[in-house]
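The values are calculated or read from the model by the stated rules, or taken from the named source; none is laboratory data. Please read these numbers as outputs of a predicted model, since none were measured by experiment. Here the Cβ positions follow ideal geometry from the backbone for every residue, glycine too, while neighbour counts run over all protein chains shown. Protein only, heavy atoms only, side chains kept; ligands, DNA and RNA dropped before computing areas. Shrake-Rupley method; radii C 1.70, N 1.55, O 1.52, S 1.80 Å.
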There are 2 protein chains.
Amino acid sequence: MTIALMNGGAKRSCSREVSVYSPVQSSRLDYKPPMPSVLEGHFKVEHGSSTSAVGDAGAIAQLFPKLFGQPSVHIVPCAAAAFKEEVKLRIGVVLSGGQAPGGHNVIAGLFDYLQKHAPGSLLLGFRGGPAGIMRCKYVEITSEFLYPYRNQGGFDIICSGRDKIETPEQFKQAEDTAVKLDLDGIVVIGGDDSNTNACLLAEYFRARNLKTHVIGCPKTIDGDLKSKEVPISFGFDTACKIYAEMIGNIMVDARSTGKYYHFVRLMGRAASHITLECALQTHPNVALIGEEVSVKKQTLRQVTNSITDTICKRAENGQHYGVILIPEGLIDFIPEIQHLISELNEILASGTVDEEGHWRHKLSPQCHALFDSLPHSIQEELLLERDPHGNVQVAKIETEKMLISMVETELLRRKQEGSYTGNFKGQSHFLGYEGRCGLPTNFDSTYCYALGYAAGALLHAGQTGLIASVGNLSTSSKDWTVGGTALTSLMDVERRRGKNKPVIKKAMVELDGAPFKKFASVRDKWAVEDDYRSPGPIQFSGPTAEETNYTLKLELGVSC
Amino acid sequence: MTIALMNGGAKRSCSREVSVYSPVQSSRLDYKPPMPSVLEGHFKVEHGSSTSAVGDAGAIAQLFPKLFGQPSVHIVPCAAAAFKEEVKLRIGVVLSGGQAPGGHNVIAGLFDYLQKHAPGSLLLGFRGGPAGIMRCKYVEITSEFLYPYRNQGGFDIICSGRDKIETPEQFKQAEDTAVKLDLDGIVVIGGDDSNTNACLLAEYFRARNLKTHVIGCPKTIDGDLKSKEVPISFGFDTACKIYAEMIGNIMVDARSTGKYYHFVRLMGRAASHITLECALQTHPNVALIGEEVSVKKQTLRQVTNSITDTICKRAENGQHYGVILIPEGLIDFIPEIQHLISELNEILASGTVDEEGHWRHKLSPQCHALFDSLPHSIQEELLLERDPHGNVQVAKIETEKMLISMVETELLRRKQEGSYTGNFKGQSHFLGYEGRCGLPTNFDSTYCYALGYAAGALLHAGQTGLIASVGNLSTSSKDWTVGGTALTSLMDVERRRGKNKPVIKKAMVELDGAPFKKFASVRDKWAVEDDYRSPGPIQFSGPTAEETNYTLKLELGVSC
């Protein structure tokens, strides 16, 4: 069978020129991620016991009749090669969703696996995310093509996309591609949604008796795709370290200047892992954790007051500066704001908003009061920024500026009342895009390479519907365990538009988990004392290069 | 004479706790900056020929009757100790103006000089900038007190301030402090203004026959304090590398995502060195250099159109993403905006701005048209954000958002006209506080340590009115030259309120200088091709740790 080795695709996925690389980029090209010992010698796949699902096993069993219950697997050492090396595999790989440092190394690990254990195999990269599968847009990944991306940040080797394979027509398109390219497997590198999609694709291919298997890999800087067997999603380590570097610098500036409160909003919409990890790394005066705000059903006024209380306490000590961390998704966690936004969406859908403000009377009394209490600029953002469906774009609301403005108002009130005598100056920051495509840390480089290598081994062993899992991460990478976790075992069901939809539940910050408990035990001290910690820039060599993040260490029971 | 070894001061300058340091912070504590050979053995001060001034030597001679014309000096090796080691010096040191990475190392170099060459000397740090001199607020800098700050970012060891010693009363206060503390010398670590102030203080002390000498050190991340003998101000190297790390990451994200234009505003109000350096490090699609905008007398419309042209050209190539760098001071360089702001200031001073907008007719026709062409949010910022004098706060204008909005409008026009068919989404960033207090690079650590060491030697040798200068920076630090440049030789005169004021002229980006010429020779290529370069995080060890910045290398004639 002859196929074109490259087709379609935008200019943006043209290969990189190593000649323009910076010295640090170049120095990473030849970094060899250390490999878990189990992947060094001969190994085989060992099946565990059959699995169930996180929730509503009955519904998951119905949605995945072929795959439900299949065991997770471990890759274990054995005496001789267990997989046929003479088999030439034809594998596709796709990057799905937002960028995360390390994605290129998953592809490198997968490529190197095939080179070593199934020489002559073909690796095709689908361009621009799942749309590349549906439209059959791909490029052949060769040794030369891959080289400039080794240990480098970004997803630009084949680029990513946010499309999903959802409708019957789209599944058919994916099937057409798999058949046309004669694929033995597809590796889907993505977050919770993309891995759910990977599992649906695996089920669909199995049901259609296709030979194409599907393996997922856990990617997201947000850190909200994890389970017992998948201890961390890749990219979280690097992104948090980049944000923490900046926060640490801002802290030293705050203390040196002595007159600014820096409100730093951090990427991470659904869960507050990034904010929590950055707090553990830097020791801010305040860090808001969305999950806690939600559990305590805090109002915006309560959140504002708690920040203001800290500022007043510090002012009494002569400290008129500080650093406050805010998760991007904060307002999604505040019930009254959700309420306001849904009322606004209805009003905006039903008619125009008059300049005189009579429309405000259509709001319920609580929402009306809340809307009136918001800073003018935020009111405008709520009314003006709409998505294509006409809804308020919550992600565009500059929460850090909103809080600065509300704290300012509250401090003015306290000043008039005589309970605050300081001077407050807020500075706003948003850290997001800076962290998604940084050069991956040694941890992410190594972890991703192992994930990709594992994905290759799992496909070689004929597995499907698994997510590559690398564990025992509190030890040296030599001792890391490698396997594949049944994707159906991570699933629960959500009712959407009257239908059961399988979902991998997002892993939220657990208020009784070790990272939050650690934070909760020290935050009062951090509020008033200056315990600022400056992580500094990520180092790739020397004794500090191998540190992993606090969240992972604490979750694995490592004291730190 | 007995004096209290510490007095006054806010809580914010309490010493740091090394116990909370991150591994990278800790790893820097014991870094020993390599020393120029000339400072290792015995050395003496050698006088050059007498000096003049950059401009209006007559006026400078009148303003500095004691110091004008004094030679610059070189520190050169000699056979035996040239300075009396039995002399115990009493030295004060002050940090003045904005933070810059490396300030702590200037103090460390100064301290270590005194320990080694004038053991038993006393080093006092004035707290909170020049105000600390005037109010006699200081702390004794001991070995233990200093240790946690070695090779660390920030100015928090004694903090900084923006006060100036200006009035006769203030000079008297400084004199009182110098006499009370029996100071042999004061080291002023600061930018152009602070070094001008240092020279005035040196002149004043000399005129009053005080024994207190004054030596300056060149500090500013902005890079606009430099001359032939002072090739670079400290902090520029680190700050630019931190910004360039972030820009590089954003570029990889832009290329990976393929749908955003990132408009990055960079700190640096008076000159565009930071933007130029970051451009040389990262290869953006557009970088605006204020000095060029000014020389070409560009209007805001022309600036907008030039960005829009690039976006359209890229759209034709299927590239709907990019990165655009904007110096913080851009609008200070656009004559028509300066004109508008001065008209606004007058109108705002003379009365209220009516909501109906009748006040706009008080603007000249050009300014009226310009104001009307500005995005609504920027109009509001111009009218609402005022400084204590009621003037428009130019620094608060979010130029990056303004340009996004104006480019959007222009692209819409071109779309309607049919000359543009892409989709434009802008993302705004401001990088500033993140870079002022980062851990200093090896270059800044070493350069600052040498500056401080040199300042100690100059005071020991009885010098005053000099700025410590370390040169020959294109070679290994062993071969760096060390000396002191007559501050009066850097001066020019400005008329302010009918009076001659001495100033060290800010070093602007020279359009015929090597850095700009290099940029100008490649920017058209960068505009359309993706030559993105990602500098990555600053490394403190390994082969990439010793790279200096492009601006310095190019100015010194090193090809790169």
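Structural remarks
- Of A:Lys518, A:Lys219, the residue with the largest accessible area leads and the full order is A:Lys518, A:Lys219 (1.4 Å probe).
- Leaving ligands and nucleic acids aside, the A/B contact buries around 5000 square angstrom of accessible area in total at a 1.4 Å probe radius.
- Sequentially through segment A:506-514, phi angles give Karplus couplings (6.51, -1.76, 1.60; θ = phi - 60°) of 5, 7, 8, 5, 8, 5, 9, x, 4 Hz, Gly and Pro residues having no value and appearing as x.
- Cα gyration tensor category, rounded, prolate or oblate, for chain B with a/c compared to 1.5: prolate
- Nearest-10 value in Å² for the accessible area of B:His368, using the 1.4 Å probe: 40
- Entry comment: accessible area of segment A:385-425 is 55 Å² per residue, from protein heavy atoms only and a probe of 1.4 Å.
- With every protein chain in place, chain A: carbon and sulfur % of accessible area (1.4 Å): 50
- Amide H contacts under 5 Å for B:Arg90: B:Leu122, B:Asp184, B:Gly185, restricted to partners 5 or more places along the chain or on a different chain, H placed in the peptide plane at 1.01 Å from N.
- Dipole size of chain A about its Cα centre, with +1 on Lys/Arg Cβ and -1 on Asp/Glu Cβ: approximately 800 debye, rounded to the nearest 20.
- Mean partner shielding of peptide B:542-552, defined as the number of other chain Cβ atoms within 10 Å of each residue Cβ, is 3.
- All lysines inside 22 Å of A:Lys180 as judged from Cα atoms, apart from same-chain residues fewer than 8 positions distant: A:Lys88, A:Lys137, A:Lys164, A:Lys172, A:Lys211
- Accessible-area rank, largest first, for A:Asp30, A:Asp524: A:Asp524, A:Asp30, with all protein chains present and a 1.4 angstrom probe.
- Shown in residue order for segment A:473-488 are the 3J(HN,Hα) couplings computed by the Karplus curve 6.51 cos²θ - 1.76 cosθ + 1.60 at θ = phi - 60°: 6, 7, 9, 4, 4, 4, 9, 4, 8, 9, x, x, 9, 4, 4, 4 Hz (x for Gly and Pro).
- Placing a label point 7 Å from Cα along the Cα-to-Cβ direction at A:Arg496 gives distances to the equivalent points in the other copies of 6.3 nm, listed shortest first.
- Segment B:413-491, Rg to Rh (Cα coordinates; Rh as Kirkwood inverse mean 1/r): 1.39
- Cβ crowding within 10 Å averaged over residues, with A:286-297, B:462-473 ranked highest first: B:462-473, A:286-297
- With the charge dipole of segment A:473-549 set up from +1 on Lys and Arg Cβ and -1 on Asp and Glu Cβ about the Cα centre, the Cα lying farthest toward the positive end among the listed residues A:Ala486, A:Gly498, A:Gly513 is that of A:Gly498.
- Mean partner shielding of peptide B:525-534, defined as the number of other chain Cβ atoms within 10 Å of each residue Cβ, is 4.
- Check: the protein assembly as shown dipole with +1 on Lys, Arg Cβ and -1 on Asp, Glu Cβ, in debye: 760
- Sorted shortest first, the distances from the A:Arg413 label point to those of the same residue in the other copies are 4.6 nm; each point sits 7 Å from Cα along Cα-to-Cβ.
- Per-residue HN-Hα couplings for segment A:374-379 [Karplus 6.51, -1.76, 1.60; θ = phi - 60°; Hz; x = Gly/Pro]: 7, x, 3, 5, 6, 4
- Placing dummy labels 7 Å off each Cα toward the beta-carbon, the span from A:Ser143 to A:Lys88 is 1.6 nm.
- Packing-based ranking of A:165-174, A:114-123, B:132-141, B:443-452 yields B:443-452, B:132-141, A:114-123, A:165-174, ordered from highest to lowest mean Cβ neighbour count within 10 Å.
- Pairs with C-alpha atoms separated by more than 31 Å, drawn from the list B:Lys401/B:Lys553; A:Lys313/A:Lys505; A:Lys401/A:Lys518; A:Lys116/A:Lys241, are B:Lys401/B:Lys553; A:Lys313/A:Lys505; A:Lys116/A:Lys241.
- For B:Glu316 and B:His368, the FRET efficiency from 1/(1 + (r/R0)^6), where r spans their Cβ atoms and R0 equals 45 Å, is about 0.80.
- Inter-label distance, A:Gln62 to B:Thr299: 6.8 nm, where each label sits 7 Å from its Cα along the C-beta direction.
- For the rotation that carries chain A onto chain B, the axis lies closest to a Cβ at A:Pro537, 2, where the number is the distance in whole Å.
- Considering only B:Phe68, A:Val73, B:Pro119, the residue lying farthest towards the positive end of the dipole of the protein assembly as shown is B:Pro119, judged by Cα position with unit charges set on Cβ.
- Residue-level accessible surface for B:Asp192, protein heavy atoms, 1.4 Å, Å²: 20
- Segment B:125-179: C-alpha gyration tensor shape, a/c 1.5 cut-off, then a/b vs b/c: oblate
- Shortest-first nm distances, B:Gln115 label point to equivalent points in other copies (7 Å, Cα→Cβ): 5.0
- With the simple model of a label 7 Å out from the Cα in the direction of the Cβ, A:His389 to B:Glu166 spans 5.8 nm.
- Accessible surface of A:Leu411 - all protein chains present, 1.4 Å probe, nearest 10 Å²: 10
- Against chain A, whose longest principal axis comes from its Cα atoms, helix A:192-207 is set at around 30 degrees.
- Beta bridges per DSSP with both ends in chain A, % antiparallel, nearest 5: 45
- Taking each DSSP H run with n ≥ 4 as -39500 (n - 2.57) and averaging over every residue of the protein assembly as shown yields -12000 deg cm²/dmol at 222 nm.
- Remark on B:Gly128: its backbone amide H falls under 5 Å from those of B:Cys159, B:Ser160, a criterion applied only to residues 5 or more positions apart or on other chains, H modelled at 1.01 Å from N.
- On Cα atoms only, tilt of A:442-460 relative to the major axis of chain A in degrees: 40
- Shielding by partners - mean other protein chain Cβ count within 10 Å, residues of A:156-166: 2
- Long-range amide H partners of B:Glu494 with built H, under 5 Å: B:Lys501, B:Val503
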